[in-house]
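Scroll down for the structure; my scribbles are underneath it.
The values are calculated or read from the model by the stated rules, or taken from the named source; none is laboratory data. Quantities reported herein were computed from a predicted structural model and do not represent experimental measurements. Note that each Cβ is placed from the backbone with ideal geometry, even for glycine, and that neighbours are counted across all protein chains shown.
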Amino acid sequence: MSEITTADYIAEAKKALNNPVLQSALADLQNRFGRGTALAYRNLPEGPDLRLKAHDIRSKTIENLDVVLETLVANIRKNGGQVFFANDAEAAVDYCLATARRHNVKLAVKGKSMVSEEIGLNSALIGAGIEVTETDLGEYIIQLAGERPSHIIAPAIHKSRKDIGNLFADKIRIPYTDNPPSLTRAARKALREKFLAAGIGFSGCNIACAETGHIVTVSNEGNIRMSTTMPKVHVAIMGMERVAALLEDHDILLRLLCRGAAAQNMGTYVSYIGGPRYLQQVDGPDEFHLVILDNGRSRILADEEFREMLYCIRCAACLNVCPVYGKIGGHSYGHPYSGPVGAVVMPLLAGVNRFKDLCQGETLCGACQDACPVNIDIPRLLLALRAKLADGDAGWQVSRASITEKGVYTLWSWIVQNRRLYDFFLRLAALGQSFLPKNKDMLRWLPPPMSGWTRGRDIQPVAGKSFMDRWRSGDMD
Amino acid sequence: MDTSNQAAFISRIRSALGHTPDRQRPANGLFSGRSASEIGRILERIKNRTDTEKKQLLGRLIEMAEPINLNVIVLKDPPSVAAAIADLIRDKDSEWGSQKSVAAWKHPMIESLDLPAALADQNVPVHITELKENDTAETSREKERKRVRKHVVDSYIGVTSADYCMAETASLVIRTRPGQARSVSLVPSIHIAVIHADQIIADLKELYALIQWDPEASAEGLTNCMTFISGPSKTADVEATMVHGAHGPREVYVYVMTD
């Protein structure tokens, strides 16, 4: 797992809220992609309900993942590809390093891949003395800046054109410009040299096709095609769930993926890659490797309550509508998997207690589910995680997050189930509040531990007579 | 010996799903998709398109190409396409060096354009991305590949054909064959694709039906690399401003021949 900073969730969120450049970038992103995606779903010939069908396809695939994966790898091997099953991040990284070393690779190029962020591939390559270049423009920018992606599809959304201009002037030694086309051209030139010199290209996989034996990559820039065509070796890394059984499933999944990710009918480049170059072919890699990664996914698979999260195809549509992501940005989540998807995936992959702020920080508003191309019930999953935190769960090694909270709620549930006790506390509160400062009819201040509530707003006082009392006395005006 | 760790990995998935870990499960209809009659209907529809329907499809392609900045140009025959390409090459400057050169697939449709003749007066060489097989030793093949690669990298325009063009998404569909380098549609600054109007199909559904079930098209299957190209390379990574030509071609032209 790459470096995780989720302990700073609250501090990072505060920083993000006080960063006006980030706030306007996030608002702009959500305005365009959030709305664009909703419109794109409505404009589907089948309408937005196609997402329900996609949910069924994903469900059927995941329920038969063993058979689907066996078919996928048998077909890939038939086409001359090599397959490795990695139980965890370390095994995946070791395989990638061994492959690179076998070919004496000095320079590696990478297409944007969330799973490679998950396994921390870059730092491992650098540690082994192999230069690695991110080739998606957004990823390239943040790699030069020594930062991490703040959005799955738009990794450098937090950087202004001035930031990028200064960065390029400093790191790739071009005269300062903040003109987006000039900056893009400068990166195009610098990266072209890398593509042509690299000995190995790494990519992710958006959604493989088992029956034909192909992985599929989607990009708008063409960097993934470059990374998978020009170097001698191509290594694709995929989470074990990123596969469909049938080619006709792709008809639905690809269209929804492109709409979810960027409100597009189709990404500029979609490549089905099924093996290395054949003998008589002119170009393409000599070797094709597919690394299939578990890294905690089989544990999610084993729990029927959370299995649905494996339907996710990492399009980032949920980030583009989430009111929480839209304010605190991707860095607060402490890991490249951010937004609602990160708030479910990270606790499940890397520890519920450790990532508790993520699933407790979301609002349960349900916008993520409406935006999800495969209609994952993210609010349900967030609630299930919170239930684990409230009660603890040995199977997931979750310890109770707050004993006080549990105590308070146990007490509360006991009180509200006992009418007389409840009335007693109501009357006590009605009496007690007369000593509190007021603003017109509202209470301005509550004593600790409730003082947090009135820090920024007033609260309605408890009525002098409860509804039940008024009902009984016939005083219903 | 299984060095891929497959057996242990798949066993873990089986037990996560509640099945016996070490017993292989049957596919149980998992890989049976559309019915034969539905596939038949799709293939029939493609084969029996009337001229009006074909015209509508071309119209739809042009409509869908516009917002993604894909240039679709409809012309009659190879000589008119060759002349149009010659004009384009006259107009466009090369991006990386001063010498203009073209890389092109070995393909009957491109041969019919006779590009070397059309470009002779501009002194623009046309390099065909074909391995000349003097002998079949891998070392000499490797030399040939290097030669072709250099030509493609040095070219500012790449000329390809395509297997199909999907109207609904304005996507060229390209499969990989000897003589038809993948890099020609990727590395040069400008990509030109020459197709015939009959190669236009509606959408993904038709494409998948053809390459899986049409007797002719399915013989090759998807090949080891099938690519959809929907417009020029683009990025919006600097303050969400759209810029063309991130890594792939900055302009794409599709010439559709109707004769």
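For segment A:194-214, enumerate the residues that are among the aliphatic types (A, V, I, L, M) and part of a loop (DSSP other than H, G, I, E, B).
Once the filter is applied, which keeps residues that are among the aliphatic types (A, V, I, L, M) and part of a loop (DSSP other than H, G, I, E, B), segment A:194-214 yields A:Ala198, A:Ile207, A:Ala210.
Please count how many residues of segment A:154-175 are outside any helix (DSSP H, G or I) and touching an Asp or Glu at 6+ places or on another chain (Cβ under 7 Å).
4
Applying the selection to segment A:215-243, what residues are over 20 Å from the mean Cα position of the chain (by Cα) and assigned to a strand (DSSP E or B)?
Answer for segment A:215-243, where residues must be over 20 Å from the mean Cα position of the chain (by Cα) and assigned to a strand (DSSP E or B): A:Ile215, A:Val233, A:His234, A:Val235.
Inspect all residues belonging to segment A:231-243 and state whether any of them is at pLDDT 95 or above and within 7 Å of chain B (Cβ to nearest Cβ).
No, that holds for no residue.
For segment A:383-394, indicate whether the set of residues that are assigned to a helix (DSSP H, G or I) and at positive phi is non-empty.
Checking segment A:383-394: not a single residue is assigned to a helix (DSSP H, G or I) and at positive phi.
Can you name every one of the strands (runs of 3 or more DSSP E) wholly within segment B:120-210 that holds 3 or more residues which are away from every other protein chain (no Cβ under 13 Å) and in contact with a Cys (Cβ under 8 Å, 6 or more places away or on another chain)?
Where strands (runs of 3 or more DSSP E) fall fully within segment B:120-210, none carries at least 3 residues being away from every other protein chain (no Cβ under 13 Å) and in contact with a Cys (Cβ under 8 Å, 6 or more places away or on another chain).
Only one of these is in a helix (DSSP H, G or I), at pLDDT 95 or above and not small (Gly, Ala, Ser): A:Val321, A:Val344. Name it.
Unique residue meeting the criteria: A:Val344.
For segment A:99-112, check the following and say yes or no: at least one residue is at pLDDT 95 or above, assigned to a helix (DSSP H, G or I) and under 22 Å from the mean Cα position of the chain (by Cα).
Taking every residue of segment A:99-112 in turn, none turns out to be at pLDDT 95 or above, assigned to a helix (DSSP H, G or I) and under 22 Å from the mean Cα position of the chain (by Cα).
On the basis of being exposed (fewer than 10 other Cβ atoms within 10 Å of the Cβ) and either more than 45 Å from the chain's Cα centre (by Cα) or not hydroxyl-bearing (Ser, Thr, Tyr) (or both), does A:Phe435 make the cut?
So A:Phe435 fits the description; yes.
Hey, B:Leu61 hits all of (1) in contact (Cβ under 8 Å) with a residue 60 or more places away in the chain; (2) surrounded by fewer than 18 Cβ atoms within 10 Å (Cβ to Cβ) but one; which does it fall short on?
(2)
Test each condition in (1) on the phi < 0 side of the Ramachandran plot; (2) touching a residue at least 60 places away in the same chain (Cβ under 8 Å) for A:Gln281 and report the one that comes out false.
Of (1) on the phi < 0 side of the Ramachandran plot; (2) touching a residue at least 60 places away in the same chain (Cβ under 8 Å), only one is false for A:Gln281: (2).
Are any residues in segment A:445-471 surrounded by 10 or more Cβ atoms within 10 Å (Cβ to Cβ) and among the charged types (D, E, K, R), and if so, which ones?
A:Asp458, A:Lys465, A:Asp469, A:Arg470
Keeping to segment B:22-38, report how many residues are surrounded by fewer than 12 Cβ atoms within 10 Å (Cβ to Cβ) and among the hydrophobic types (A, V, I, L, M, F, W, C).
1
Where residues in segment B:220-251 are touching a Pro at 6+ places or on another chain (Cβ under 6 Å) and in a strand (DSSP E or B), which of them is farthest from the other protein chains (Cβ to nearest Cβ)?
Per the criteria, the residue is B:Glu251.
Tell me which of these B:Ser4 doesn't satisfy, since it passes every other one: (1) surrounded by 14 or more Cβ atoms within 10 Å (Cβ to Cβ); (2) touching a Ser or Thr at 6+ places or on another chain (Cβ under 6 Å).
(2)
Of the conditions (1) touching a Leu at 6+ places or on another chain (Cβ under 9 Å); (2) closer than 26 Å to A:Arg188 by Cβ, A:Arg277 clears all except one; give me its number.
That leaves (1) as the condition not met.
Can you find, within segment A:366-382, the residue that is surrounded by the fewest Cβ atoms within 10 Å (Cβ to Cβ) among those that are part of a loop (DSSP other than H, G, I, E, B) and in contact (Cβ under 8 Å) with a residue 40 or more places away in the chain?
Restricting to residues being part of a loop (DSSP other than H, G, I, E, B) and in contact (Cβ under 8 Å) with a residue 40 or more places away in the chain, the top hit is A:Asp377.
Take segment A:246-285 and flag every residue that is more than 7 Å from every other protein chain (Cβ to nearest Cβ), farther than 26 Å from B:Ala181 by Cα and in a loop (DSSP other than H, G, I, E, B).
Answer for segment A:246-285, where residues must be more than 7 Å from every other protein chain (Cβ to nearest Cβ), farther than 26 Å from B:Ala181 by Cα and in a loop (DSSP other than H, G, I, E, B): A:Ala263, A:Gln264.
Against the definition (assigned to a loop (DSSP other than H, G, I, E, B), modelled with pLDDT under 95 and away from chain A (no Cβ under 14 Å)), how does B:Gln24 come out, yes or no?
The answer is no for B:Gln24.
Filter segment A:94-129 down to residues that are within 14 Å of another protein chain (Cβ to nearest Cβ) and among the hydrophobic types (A, V, I, L, M, F, W, C) and give me whichever is farthest from A:Leu196 (Cα to Cα).
A:Ala98
Within segment A:130-151, can you find the residues that are more than 8 Å from chain B (Cβ to nearest Cβ) and assigned to a loop (DSSP other than H, G, I, E, B)?
Those that are more than 8 Å from chain B (Cβ to nearest Cβ) and assigned to a loop (DSSP other than H, G, I, E, B): A:Ile130, A:Gly146, A:Glu147, A:Arg148, A:Pro149, A:Ser150, A:His151.
Would you confirm whether any residue within segment A:152-164 is within 11 Å of another protein chain (Cβ to nearest Cβ), under 19 Å from the mean Cα position of the chain (by Cα), at pLDDT below 90 and buried (at least 21 other Cβ atoms within 10 Å of the Cβ)?
Yes: one or more hits.
Taking the criterion of being more than 12 Å from every other protein chain (Cβ to nearest Cβ), out of contact with any strand residue (DSSP E or B) (no Cβ under 8 Å at 6 or more places or on another chain) and in a loop (DSSP other than H, G, I, E, B), would at least one residue in segment A:176-185 satisfy it?
Yes: segment A:176-185 contains one or more residues that are more than 12 Å from every other protein chain (Cβ to nearest Cβ), out of contact with any strand residue (DSSP E or B) (no Cβ under 8 Å at 6 or more places or on another chain) and in a loop (DSSP other than H, G, I, E, B).
Which residue is surrounded by the most Cβ atoms within 10 Å (Cβ to Cβ), if the candidates are limited to segment B:7-21 and must be in contact with a helix residue (DSSP H, G or I) (Cβ under 7 Å, 6 or more places away or on another chain) and under 23 Å from A:Gln82 (Cα atoms)?
B:Ile13
State which residue is nearest to the chain's Cα centre (by Cα) when the search covers only segment A:194-214 and only residues that are at the interface with chain B (Cβ under 10 Å from one of its Cβ atoms) and under 14 Å from A:Phe288 (Cα atoms).
Looking at residues that are at the interface with chain B (Cβ under 10 Å from one of its Cβ atoms) and under 14 Å from A:Phe288 (Cα atoms), I get A:His214.
Can you name every residue in segment A:113-129 that is part of a helix (DSSP H, G or I) and among the small types (Gly, Ala, Ser)?
Those that are part of a helix (DSSP H, G or I) and among the small types (Gly, Ala, Ser): A:Ser116, A:Ser123, A:Ala124, A:Gly127.
Please work out which residue is nearest to A:Leu125 (Cα to Cα), limiting yourself to segment A:74-90 and to residues that are buried (at least 19 other Cβ atoms within 10 Å of the Cβ) and among the small types (Gly, Ala, Ser).
If we take residues in segment A:74-90 being buried (at least 19 other Cβ atoms within 10 Å of the Cβ) and among the small types (Gly, Ala, Ser), then A:Ala89 is nearest to A:Leu125 (Cα to Cα).
Mind checking which pairs have a first residue in segment B:124-145 that is in contact (Cβ under 8 Å) with a residue 40 or more places away in the chain and a second that is in a loop (DSSP other than H, G, I, E, B) and among the aliphatic types (A, V, I, L, M), Cβ under 8 Å, 6 or more apart or different chains?
B:Thr129/A:Val282; B:Thr129/B:Ala181; B:Glu130/A:Val282; B:Leu131/A:Val282
Looking for whichever is within 23 Å of A:Ala350 (Cβ to Cβ) and in contact (Cβ under 8 Å) with a residue 40 or more places away in the chain here; the options are A:Glu139, A:Glu134, A:Glu117. Which one fits?
A:Glu117
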